[in-house]
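Next up is a structure, given as structure tokens.
The values are calculated or read from the model by the stated rules, or taken from the named source; none is laboratory data. These numbers were taken from a predicted model, which means no experiment stands behind them. Positions of Cβ are backbone-derived with ideal geometry, glycine not excepted, and every protein chain shown enters the neighbour counts.
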Amino acid sequence: MKQLKRRIFTLILSMSLLLLSGMTVSASGEGNIDGGGGGMGSGTATDVWHNQDGVRITVVTTDGGIASASFDLSNFNIPGSILHFGKVSKLQYSSGASLSLDAGSYDCSKPGAALPRIISGTRSHASIEAIRRYFCSEYAAQLVSAKSGIPFEELVSGSYKLVIEPVAYFTHGGRNYAMTATEAALYNQKSGGTLRSRMPSLTHQNLPLSIFLETPDLGYPAWGGTTSGKVSDADILSALGIGIVSYRDIPEAELQAPDYTYRVDTDVITSITLTSSAEVNPDDPASVTFHINGGIYTVNDIVMPAGGSQVVWAKWHTPLEPTTLTIQVSVDGASTAKTSFIAKIVSLEENLPPDPLATDTNPHFSAPSLPSNPQKTSASWSVWSAKWHPNWEWESDWDWEDGSHGSDCPADCTSSHGHWVDNGEWVDNGWYDFTSTSYSASLTGSMEIHPDDIVPTAQGDNMKSGYGIKESATAGFSSNAPSSHYAPAQTAVSYFPEFGYDMYWRLLSCSGGMNATFAFKPNEFSTYNRNVHFTPVWYPDGTNYTVYTYIIDAWTPSGMLSVNVNDAVQIQGSLFDDWYTKRE
């Protein structure tokens, strides 16, 4: 659990999930317990699973009382016409609710951040770590808050739990269904065993065993039975197809969702946007001060036209260790929407792949799809400046000057003598002209992987499995702005197909600069301390071994730039082919 807690978002301190279906084989000797293998997606057109899955989530009180309507999530576009049994939770079925078939109006949401694979199938495998990490995250808690209508702070106050049930979407008897594990067991009982007889690997193995409890909770026991074989309806109804996330004993600071997430030891930019209904000019400019981790970053002489806006930022360096910071901002002469922010500083060094062993196996492996993380390769922003536009105008100031009586005036003259004199002056009644200077930045990326230089039998990019590969990635950053406006790409993280492009990754070393290069760090399991990643010895022959790398931490006032890149070597044979004893 210590290792798990280091990886999941600290918002969730307790999670009673044990997700064993489809656990990828790793060097620690964990077996592939997908079970059923290719039978999951085989069969006839009338009885087949299309590798589509999802979850049903129900918010309950700590004693099991239903606190919100259940809702379903899936990465797939599930049609509303699919047959289903309503949004009924396992707790309600356990309390006596019966199946009630609905011939339409199925509602299922696609989350903004994709769900991990929940149920293992013929084309992809579920990952315990990925599922735990997803549901033990601030994002999931915010999503549940929005869906359930329970305010976030209340949801994580310790008064609620989440009940999570796997959902499978499949064709049975020529009709399309959505079912939780519990609904599949109840349907099987009512139909005289048709589901178990026609689709046993789905409905009575991978679906119910995809999620179950590690410790007893809400009246359901921890599952101690098989994790790779078929299970009975009774087992499913009593113990399987349920996971529980508990919110309890959470420090108050951790209840706040982070506004920013940064990596340790990284140059970053924190920005806000100022607005003003009145003109902000050099005669009375605005200023902003950022208070960040003991440092003070002040931006003076900020100007903008009436009704305008201006992005203002601080460039700073994150701490060397993971932490959570509160960033305070003080503003003078303008307005901003928010002046206090939570910044979460995280490390990517905690999920290095385990030691590969010659005894590792994975007979049911199939290459996963490449991930597609959010990619932003360009950004633009602007800065207002103001220049005085002179407009000289004469402002009159007329004064009367009395005159004396002339010699020709009668002695008894009472008329006033004098004239008007303009004692005015030239006055500059000008104004400020505002000019917006536009800036932009762009990020490009590329990568190559090749067999390590000491692989004895590599031919170009063809190699035997079990040997190491090296990587070279580049990130080209360009901008027309001063260097105080940006930080070039600093981070690249590589993910590998044997772990489903999840669970484990490698943080690459970085050269820095506008054209940064990245490479693997020395591998602690390499006899020669090589900068490599070892391909698994079991990797299938005749297939591409594709490494995916996410290049990030190129910061601008308009946010972070990032790019997805990948490359492959071809696997043919294994290192065992190079090591044998010839007997006469």
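Just one of the numbered conditions (1) of a type in the set (S, T, N, Q); (2) buried (at least 24 other Cβ atoms within 10 Å of the Cβ); (3) not in a helix (DSSP H, G or I) is not true of Thr182; which one?
All conditions pass for Thr182, except number (3).
Residue by residue through the stretch 79-113, note down the ones that are in a strand (DSSP E or B), under 24 Å from Val60 (Cα atoms) and in contact with a Lys or Arg (Cβ under 9 Å, 6 or more places away or on another chain).
Matches in the stretch 79-113: Ser109 only.
Looking at Ala146 and the list (1) assigned to a helix (DSSP H, G or I); (2) of a type outside the set (S, T, N, Q); (3) in contact with a Cys (Cβ under 9 Å, 6 or more places away or on another chain), which single condition is not satisfied?
Failing condition for Ala146: (3).
Among what's in the stretch 239-262 and is of a type in the set (Gly, Ala, Ser) and surrounded by 14 or more Cβ atoms within 10 Å (Cβ to Cβ), pick the residue that is modelled with the lowest pLDDT. Show your work before the answer.
Let us first name the residues in the stretch 239-262 that are of a type in the set (Gly, Ala, Ser), namely 239, 241, 243, 246, 253, 257.
Subset that is surrounded by 14 or more Cβ atoms within 10 Å (Cβ to Cβ): 239, 241, 243, 246, 257.
Values: Ala239: 94, Gly241: 94, Gly243: 91, Ser246: 82, Ala257: 53.
Going through the qualifying residues, I end up with Ala257.
Scan the stretch 199-215 and tell me whether some residue there is in a strand (DSSP E or B) and either among the hydroxyl-bearing types (Ser, Thr, Tyr) or surrounded by 24 or more Cβ atoms within 10 Å (Cβ to Cβ) (or both).
Start the filter on the stretch 199-215 by keeping residues that are in a strand (DSSP E or B), which leaves 212.
Okay, now just the ones that are also either among the hydroxyl-bearing types (Ser, Thr, Tyr) or surrounded by 24 or more Cβ atoms within 10 Å (Cβ to Cβ) (or both), so 212.
Among the residues of the stretch 199-215, at least one is in a strand (DSSP E or B) and either among the hydroxyl-bearing types (Ser, Thr, Tyr) or surrounded by 24 or more Cβ atoms within 10 Å (Cβ to Cβ) (or both), which makes the answer yes.
Further question: So which residues in the stretch 506-538 are surrounded by 21 or more Cβ atoms within 10 Å (Cβ to Cβ) and either assigned to a loop (DSSP other than H, G, I, E, B) or hydrophobic (A, V, I, L, M, F, W, C) (or both)?
Leu508, Ala516, Phe518, Phe520, Asn523, Val532, Phe534, Thr535, Pro536
Sticking with this one: Does at least one position in the stretch 29-43 carry a residue that is in the same structural domain as Leu195 (by TED's automatic domain parsing), outside any loop (DSSP other than H, G, I, E, B) and at pLDDT 50 or above?
The answer is no; no qualifying residue exists.
Answer with yes or no whether Asp567 is farther than 23 Å from Ile345 by Cα, surrounded by fewer than 18 Cβ atoms within 10 Å (Cβ to Cβ) and in contact (Cβ under 8 Å) with a residue 40 or more places away in the chain. Lay out the reasoning, then the answer.
On the way: farther than 23 Å from Ile345 by Cα: yes; surrounded by fewer than 18 Cβ atoms within 10 Å (Cβ to Cβ): no; in contact (Cβ under 8 Å) with a residue 40 or more places away in the chain: yes.
So Asp567 does not fit the description; no.
Would you please list the contacts, defined by Cβ atoms under 9 Å and residues six or more apart or on different chains, that run from a residue in the stretch 487-500 that is in the same structural domain as Ile551 (by TED's automatic domain parsing) and under 20 Å from Gly513 (Cβ atoms) to a residue that is among the polar types (S, T, N, Q) and part of a loop (DSSP other than H, G, I, E, B)?
Once the first residue is in the same structural domain as Ile551 (by TED's automatic domain parsing) and under 20 Å from Gly513 (Cβ atoms) and sits in the stretch 487-500, its partners that are among the polar types (S, T, N, Q) and part of a loop (DSSP other than H, G, I, E, B) give Ala487/Thr266; Gln490/Thr266; Thr491/Thr266.
Taking the stretch 144-175 on its own, how many of its residues are within 22 Å of Pro111 (Cβ to Cβ) and either in contact with a Ser or Thr (Cβ under 7 Å, 6 or more places away or on another chain) or in contact (Cβ under 8 Å) with a residue 40 or more places away in the chain (or both)?
Filtering the stretch 144-175 for residues within 22 Å of Pro111 (Cβ to Cβ) gives 144-156, 160-170.
Retained after the next criterion (residues that are either in contact with a Ser or Thr (Cβ under 7 Å, 6 or more places away or on another chain) or in contact (Cβ under 8 Å) with a residue 40 or more places away in the chain (or both)): 144, 147-153, 155-156, 160-170.
Of the residues in that region, 21 qualify.
Next question, about the same structure. Could you tell me which of the residues Ser478, Ser494 is over 18 Å from Val455 (Cα atoms), surrounded by fewer than 16 Cβ atoms within 10 Å (Cβ to Cβ) and in contact with a strand residue (DSSP E or B) (Cβ under 6 Å, 6 or more places away or on another chain)?
Numbers: Ser494 fails: surrounded by fewer than 16 Cβ atoms within 10 Å (Cβ to Cβ).
Just a single option satisfies the conditions, and that option is Ser478.
Moving on. Among the residues of the stretch 306-324, are any within 29 Å of Asn480 (Cβ to Cβ), more than 21 Å from the chain's Cα centre (by Cα) and β-branched (Val, Ile, Thr)? So that I can check it myself, show each step before the final result.
Restricting attention to the stretch 306-324, the residues satisfying the condition of being within 29 Å of Asn480 (Cβ to Cβ) are 306-318.
Still in the list and also more than 21 Å from the chain's Cα centre (by Cα): 306-317.
Within this subset, residues satisfying the condition of being β-branched (Val, Ile, Thr) are 311-312.
Yes; the residues of the stretch 306-324 include at least one that is within 29 Å of Asn480 (Cβ to Cβ), more than 21 Å from the chain's Cα centre (by Cα) and β-branched (Val, Ile, Thr).
Answer with yes or no whether Tyr545 is outside any loop (DSSP other than H, G, I, E, B), among the aromatic types (Phe, Trp, Tyr), in contact (Cβ under 8 Å) with a residue 12 or more places away in the chain and under 17 Å from Thr474 (Cα atoms). Before you say what the answer is, go through the steps one by one.
Values: outside any loop (DSSP other than H, G, I, E, B): yes; among the aromatic types (Phe, Trp, Tyr): yes; in contact (Cβ under 8 Å) with a residue 12 or more places away in the chain: yes; under 17 Å from Thr474 (Cα atoms): no.
Answer is no for this residue.
May I pose another question? Please return the ranges of strands (runs of 3 or more DSSP E) entirely within the stretch 330-403 where 2 or more residues are at pLDDT below 90.
On the way: elements: 340-346, 378-389, 392-395, 398-403.
Passing ranges, in order: 340-346, 398-403.
Do we find that Leu155 is in the same structural domain as Tyr93 (by TED's automatic domain parsing), within 27 Å of the chain's Cα centre (by Cα) and among the aliphatic types (A, V, I, L, M) in this structure?
Details: in the same structural domain as Tyr93 (by TED's automatic domain parsing): yes; within 27 Å of the chain's Cα centre (by Cα): yes; among the aliphatic types (A, V, I, L, M): yes.
Answer is yes for this residue.
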